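Computed from the coordinates by the stated procedures, all read-outs in this text should not be read as laboratory data. Keep in mind the model is a prediction, meaning the values are calculated, not measured. As a convention, Cβ positions derive from the backbone with ideal geometry for all residues, glycine included, and neighbour counts pool all protein chains shown.
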Amino acid sequence: MGKKVAFLQGNEAAAHGALYAGCNFFAGYPITPSTEVAEVLSAELPKIGGKFIQMEDEIGAMAALLGGALAGSKALTSTSGPGLSLKQELIGYGCIAEIPCVIYNVMRGGPSTGMPTGPSQSDVMCAKWGTHGDHPAICLVPASVQETYEETIRAFNLSEKYRTPVMVMPDEIVAHMRERIVFPEPGEIEIIPRKAPTVPPEQYKPYDTSFGDVPPLAAFGSEYRFHVTGLNKMQDGFPTTKASVVQEEEERQVRKVEGNVDDIVKFEEYLLDDAEIVVVAFGSTSRSARYAVNEARKEGIKAGMFRIITYWPFPEKQLLALAKRGVKAFITPEMNLGMTHGLVKGCTEGKAPVLGIFRVDGEPINPGQILDKMKEVK
Amino acid sequence: MSKRYEIRFSGAGGQGLILAGVIMAEAASIYEGLQAVQSQSYGPEARGGSSKSEVIISDGPIDYPKATIVDALLALTQEAADKYSVDLKEGGVLLIDSELVTRQPAGNFKVVSFPITSTAKNEVGREIVTNIVALGAMVALTGMITRENAEKAVLARVPEAFLELNKKAFNIGYEKAIAALG
């Protein structure tokens, strides 16, 4: 005993995880099924001297998020599909200007207004390809209330470590489900601080790569004065069209994530040692998959699960290794029309068939559906 | 593997079914020391439309958070009773509001019925506590949580000014269910 426990919703856990990570700024616009994050933080942030601001819409919220983060805050916004669409241009701005911040997006049915209260997993492509241009993408997909708390903390850590926006994307079931949560003690989970400049203000450049691929970021508005733009920029932050600089900077921005996949990619292997059928699942669907795998094992079917926790960067290396080791089939159950299915097919190079189970009717994929699909594998 | 017990509270939006499920799950998880997951599904309307709240209770980890075969079902509308009674397990229990569900679903399950909403309105004094009357009855019928722990969970969730009202609602519901069981 001793540790604090509570019975919380995924969204409430995310808000508390953000506070543990040092979040002191929230800008957002309410939208089902993510509003509880804003509800909790509107009550909690003022108590610790933080700032909570409800903007006129999701675009304004994303702009405020970037401003708050650039000024030195640890900043969070929460939204859902339609809001995520609206935020996209400014997410690109956050990527090119390299502004650390966290975007918590609860997946509901889409496109457009879709099914506001129904679960979905169809925003995962939007997390990477929603904003135009080449850019780094990190997206975490928790499957429980406890994990939503912990992955929100990890999202803040990754955003600071790599100086880039990071997304946390539970589906509506995980976001609204209530479970017991055990809170970590202060100091128990490492919190990664923003890399601060070590040079005096007159020598400071906001994209100074002599400090590595992730340059230190001073607080905007402090004695460190610098220029920020959505244009391709030089190390001092001013725009450039010089081909060699643009090429180099674009590659560095993407390399911050693609060059560190082993640090960022997180997954769970469940009964994979001797598995002939591998279910690749994430979020609440992975809970159906675990149930189905356990049932299958009782019937003598050698099934296992590869659970995706980091969706972007996608765990390509691990899935290819499984395919090469030899499996009879991969099964991808997901609440969309085949987004993960395509990715698994792509990275496993045709070494095993990939069978999809796709559902977009607002109902969860149940364990029976997955078990039935396993039985189709010869 | 651990044993799952599945409870569904169903009816219309605005009847407080989600809160009833939350309290049941909290009672199991925090006060009874079991594992519990509560989930819900509802329409975009603030009131009306269908609403359901599900609670899975187990002595071990709970993977799938939604109901598969329901052990105990509460139905506060005819629509909910018709739609969800087919998911009831053989030998399960169905609790209905006798005034709102006039066509009683038939099946291999026990049906317990009393005027839940009228009880809240006339015997407790406020219709708004219908969900707590129903919760008291479900605690009695499911036997997963002790009466004491469930009452603690109810009282931990309600504003101080309404403690007595909710306590009364919970206990009347509990007693009525026992009486209706015969």
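A Förster radius of 25 Å combined with the Cβ-Cβ distance from B:Glu123 to B:Glu45 puts the calculated FRET efficiency at roughly 0.30. 3J(HN,Hα) along segment A:93-102: 4, x, 6, 6, 7, 6, 10, x, 6, 10 Hz, from the Karplus curve 6.51 cos²θ - 1.76 cosθ + 1.60 with θ = phi - 60°, whole Hz, x for Gly and Pro.
To the nearest ten degrees, helix A:243-258 and the longest principal axis of the Cα atoms of chain A are 50 degrees apart.
Only lysine pairs 8 or more places apart or on separate chains count here, and in chain B those with Cα atoms under 20 Å apart total 18.
Normalised by the number of residues in chain B, the average gap of Cα pairs under 8 Å and 6 or more apart makes the relative contact order 21 percent. Computed over segment A:216-369, relative contact order equals 20 percent, with contacts defined as Cα pairs under 8 Å that lie 6+ residues apart. Residue by residue, segment B:143-156 carries 3J(HN,Hα) couplings of x, 7, 10, 6, 4, 5, 5, 5, 5, 4, 5, 4, 5, 6 Hz when phi is fed to the Karplus relation 6.51 cos²θ - 1.76 cosθ + 1.60 (θ = phi - 60°); x denotes Gly or Pro. Percent of Cα pairs in segment A:139-279 per distance bin of 5 Å, from zero to the largest separation: 2, 8, 13, 15, 16, 13, 11, 9, 6, 4, 2, 0, 0.
Taking every Cα-Cα distance in the protein assembly as shown and sorting them into 20 Å bins starting at zero, the pair-distance distribution P(r) comes out as 21, 49, 26, 4, 0 percent. With Cα atoms as the point set, segment A:40-107 shows a radius of gyration and Dmax of 11.7, 33 Å.
Of all beta bridges DSSP finds with both residues in chain B, what is the antiparallel percent, to the nearest 5? The antiparallel fraction comes to roughly 55 percent. Sparsely packed loop sites in segment B:12-98 (the GluC sites (Glu not before Pro) outside DSSP H, G, I, E and B with at most 13 other Cβ atoms within 10 Å) comprise B:Glu45.
Amide H contacts of A:Thr240 (H built 1.01 Å from N, in plane; Pro and chain starts excluded): A:Asn232, A:Lys233, A:Met234 sit under 5 Å, all sequence-distant by 5 or more or on other chains. Entry note, chain A: relative contact order of 16 percent, from Cα contacts under 8 Å with a spacing of 6+ residues. Only helices enter this figure: runs of n ≥ 4 DSSP H residues, each worth -39500 (n - 2.57), summed and divided by the residues of chain B, yield -10000 deg cm²/dmol at 222 nm to the nearest 500.
Taking a straight Cα-Cα cut-off under 18 Å and skipping sequence neighbours fewer than 8 places away in the same chain, the lysines within cross-link reach of A:Lys195 are A:Lys74, A:Lys161, A:Lys205, A:Lys256. Stretched out straight at 0.36 nm per residue, the stretch from A:Lys378 to A:Phe211 would grow longer than its current Cα-Cα span by 54.7 nm. Note on segment B:118-160: the alpha carbon radius of gyration divided by the globular reference 2.2 N^0.38 Å gives 1.19. Other residues lying with their Cβ under 14 Å from the Cβ of A:Asp236 contribute a combined charge of 0, Lys and Arg counting +1, Asp and Glu -1. If you take all C-alpha pairs in segment A:1-264, what percent of them are over 23 Å apart? Across segment A:1-264, Cα pairs with separations above 23 Å total 49 percent.
Considering all C-alpha pairs of chain B, those separated by over 24 Å amount to 29%.
For the protein assembly as shown, the antiparallel share of DSSP beta bridges with both residues in that region comes to about 40%.
Semi-axis lengths, largest first, of the ellipsoid equivalent to segment A:259-378 are 20, 17, 13 Å, with √(5λ) applied to each eigenvalue of the Cα gyration tensor. Taking 0.36 nm per residue of separation and subtracting the Cα-Cα distance, full extension of the segment from A:Glu190 to A:Arg325 would add 45.1 nm.
Seen from all directions on average, segment A:73-217 presents a Cα convex hull projection of 9.8 nm². Projecting the Cα atoms of A:Trp129, A:Pro197, B:Gly43 onto the dipole axis of the protein assembly as shown, where Lys and Arg carry +1 and Asp and Glu carry -1 at the beta carbon, places B:Gly43 farthest toward the positive end. Using the Cβ-Cβ distance between A:Leu337 and A:His132 with R0 set to 30 Å, the FRET efficiency works out to roughly 0.85. The dipole here belongs to segment A:266-376: it is taken about the Cα centre, uses +1 on the Cβ of Lys and Arg and -1 on the Cβ of Asp and Glu, and is about 220 debye. In terms of its alpha-carbon gyration tensor, segment A:1-85 comes out oblate; a/c meets the 1.5 threshold, while b/c is at least as large as a/b.
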